[in-house]
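Only one structure is covered here, and it is reproduced in the block below.
The values are calculated or read from the model by the stated rules, or taken from the named source; none is laboratory data. Just so we're clear, the structure is a prediction, and the values are computed from it rather than from any experiment. Cβ atoms come from the backbone with ideal geometry, glycine included; neighbour counts cover every protein chain shown. Just so you know, the surface numbers come from the protein's heavy atoms only, side chains and all, with ligands and any DNA or RNA stripped out. Shrake-Rupley method; radii C 1.70, N 1.55, O 1.52, S 1.80 Å.
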Amino acid sequence: MNFIKKSVGRQILVPFITLIVIAIVTSAFISYQISLNTMVDDSSEDTMNRIKDTNTAFNNFFQTYEESLKVLSKREEVISLDEAEIHRIFKLFVEATPEVTDLYLGTEQGEYYMYPEMELPDDYDPRSRPWYLDGIKSNSIAWTDVYQSVTGEYIISTASKVINEGRVIGVISMDISLSVLVTMIDSINIGDTGYATVIDRNGKIIAHPMQEQIGSDITQLTYYNEIEKENRVGMISHNIDGQDALIGFSKNEKTGWSILGIVFVDDFKQKAEAIIIPLIISSFLIILASIFVSTIISRRITKPLKEIANTMKKAAKQIAAGASTQSELKNKE
């Protein structure tokens, strides 16, 4: 009878617990995947929003100096090439604008006006300089490539034609420190280990949280070429230094720079895996509760069987006793 009880109990308990374990494992896996995908989607959206906002801030930054340069190029003192007045105006502007390191004007005759003043070679000709050539070629405001000054600071120049009575008489230009933009990029935190960086139109890093990376040429890297093939704004998946990463990017239309936000998938996996331990604990408690419940159910099912078995046992004894009595009577006869 104990065998019957144990057998029935096992038949109820084992499948019941097995189904619960399968359900819990499946639920844990699905919960992990959903959490991971949700965090990846949310972080991707947040990264893109930050990069777009940064690009807008860059545009506003550059627009400010474009407007200033336009105003300066139309000043009567500049158009008339009044050296004393040009020096006075340039001095006032540079001293009032910390990001502007130099302001200068080159004329079609080769004359050169600059503040702060700097000693230049006797054969210096502004007309051969990149800023002058870019300014002449541009129909609006020209932006040069980023370069490193003698102080080690990264600089970008913007240039505009100076026009007098419909004739180009020279080009006015200013050097702008990128320190503000670099600080802006450094302040962007993406995930636990992600970061933002800026690549110029020649594929060189001009802003990066790791200073040793600045100036590096990344044109040979696969993800750079993928970004160059994409539209102005987008998101790509790539492996960086052995880690899966999502790279959001936005290309700045004024400078041709690419502003990148890089977030590593491992950041999300670690957070998603944090739900596993609570699931294991809750699963263990559920299994214990399931064993308790299934044991009660098993007992309720096996109890009637036990009673039937006992009844059958008694009946069997009675039958055996009756048979024994009949046998004794026959023997006496």
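Give, in nm to one decimal, the length gained when the segment between N239 and E119 is fully stretched (0.36 nm per residue of separation minus the Cα-Cα distance). Could you put the intermediate results ahead of the total?
Numbers: separation 120, 0.36 × 120 = 43.20 nm, distance 4.92 nm.
My answer for the length gained is 38.3 nm.
Karplus-based coupling profile of segment 196-207, in residue order and whole Hz: 10, 8, 10, 10, 7, 5, 9, x, 9, 6, 10, 8, with θ = phi - 60° in 6.51 cos²θ - 1.76 cosθ + 1.60 and x standing for Gly or Pro. Summing Lys and Arg as +1 and Asp and Glu as -1 over all other residues whose Cβ lies under 11 Å from the Cβ of H238 gives a net charge of -3.
Projecting the Cα atoms of H238, S250, Y224 onto the charge dipole of segment 224-269, computed from C-beta unit charges around the Cα centre, puts S250 farthest toward the positive end.
Ranked highest first by average number of other Cβ atoms within 10 Å, how do 207-219, 191-203 line up? Present the calculation step by step, with values, prior to reporting the outcome.
Working: 207-219: 14.2, 191-203: 19.0.
Listed from highest to lowest mean packing, they are 191-203, 207-219.
Along its principal axes, segment 44-188 has C-alpha extents of 54, 34, 27 angstrom, given from the largest down. Entry comment: accessible area of segment 71-218 is 51 Å² per residue, from protein heavy atoms only and a probe of 1.4 Å. Accessible surface of segment 164-262, 1.4 Å probe: 43 percent of it comes from carbon and sulfur atoms. Quick one: of K52/K91; K161/K251; K137/K251, which pairs are farther than 28 Å apart, Cα to Cα? Violating the 28 Å limit, Cα to Cα: K52/K91.
Taking each pair of different alpha-carbon atoms in segment 151-220 once, compute 1/r for the pair, average those values, and report the inverse of that mean as the Kirkwood hydrodynamic radius in Å to one decimal. Write down the numbers at each step before the final one.
Details: mean 1/r = 0.0692 Å⁻¹.
Across segment 151-220, the inverse of the average 1/r is 14.5 Å.
Distant-in-sequence amide contacts of V168, defined by a placed amide H-H separation under 5 Å and a gap of 5 or more residues or a different chain, comprise nothing. Net charge within 13 Å of P130 by Cβ-Cβ distance, Lys/Arg positive one each and Asp/Glu negative one each, not counting P130 itself? Here the count lands on -1.
Here, segment 80-130 is characterised by an Rg to Rh ratio of 0.97, where Rg is the alpha-carbon radius of gyration and Rh the Kirkwood radius. A dipole drawn for segment 41-139 from +1 and -1 charges on Cβ atoms has a positive end, and of Y124, L81, T97 the residue lying farthest that way is L81. Applying the Karplus relation 6.51 cos²θ - 1.76 cosθ + 1.60 with θ = phi - 60° to segment 50-65 yields 3J(HN,Hα) values of 5, 5, 5, 5, 5, 4, 4, 4, 4, 4, 5, 4, 5, 4, 4, 7 Hz, where x marks Gly and Pro. Sorting the Cα pairs of segment 120-252 by distance into bins of 5 Å, from 0 upward, gives 2, 8, 15, 19, 16, 13, 10, 7, 5, 3, 1, 0, 0 percent per bin.
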